[in-house]
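A.B. asks: My questions will all concern the structure given below.
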């Protein structure tokens, strides 16, 4: 099912970006991880303004590259349920680093009171935080860690 992706180089950063690196793909993964979104319309309405054709393309690309799976939703067969695979869950440390970097380097970002504890965990207990987030994704009990 995985398509062959033409590599620009043998650089692992470049290769990673080829697989998941555009902003829309990362935002979809963010929504799966931190917001517990699982349906097409939920991603569409997440507030980022993604176009329907882009969303469809990125979901397909993420599935082809093994980051997500989709299956018919048992309660409504016309809907697809999207879930992260273990490969997708493996991106959580990258997302955590992006959160930390974003707060460190963009002083216009507001840090609501409820996010201060998350930042504290990023700085002081990152490994446990990553394990907690991964477990919440695996158990479909996503908490808004972001």
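A.B. asks: For segment 5-104, what does the relative contact order come out to in percent, with C-alpha contacts under 8 Å and a separation of six or more?
C.D. replies: Result for segment 5-104 is 22 percent.
A.B. asks: Got a sec? How would 38, 75 order by Cβ neighbour count within 10 Å, fewest to most? List each step's numbers first, then the result.
C.D. replies: Values: 38 20, 75 7.
If I rank by nearby Cβ atoms, fewest first, I get 75, 38.
A.B. asks: Which of the peptides 17-23, 91-97, 121-127 is most tightly packed, and how do the rest follow, going by the mean number of other Cβ atoms within 10 Å of each residue?
C.D. replies: The densest-packed peptide leads the list: 91-97, 17-23, 121-127.
A.B. asks: Please list 134-141, 101-108 highest first by mean number of surrounding beta-carbon atoms within 10 Å per residue.
C.D. replies: Going by the mean number of other Cβ atoms within 10 Å, highest first, we get 134-141, 101-108.
A.B. asks: Which of these values of Cα Rg over 2.2 N^0.38 Å was calculated from the structure shown: (i) 1.30; (ii) 0.96; (iii) 1.08?
C.D. replies: So the structure-derived entry is (iii).
A.B. asks: Along the principal axes of its C-alpha atoms, what lengths does segment 12-85 span, in descending order and rounded to whole Å?
C.D. replies: 41, 24, 23
A.B. asks: Of 69, 78, how do they rank once you tally other Cβ atoms within 10 Å and put the fewest first?
C.D. replies: Fewest-to-most Cβ neighbours within 10 Å comes out as 78, 69.
A.B. asks: For residue 22, put the label point 7 Å out on the Cα→Cβ axis and report which residues of segment 38-56 keep their amide N under 11 Å from it.
C.D. replies: 51, 53-56, by backbone N distance to the label point.
Here, each number is a calculation from the coordinates, and none is a lab measurement. What you see is a predicted model, and the numbers here were worked out from it, not measured in a lab. Using ideal geometry, Cβ is built from the backbone for each residue, glycine included, and neighbour counts are taken over all protein chains shown.
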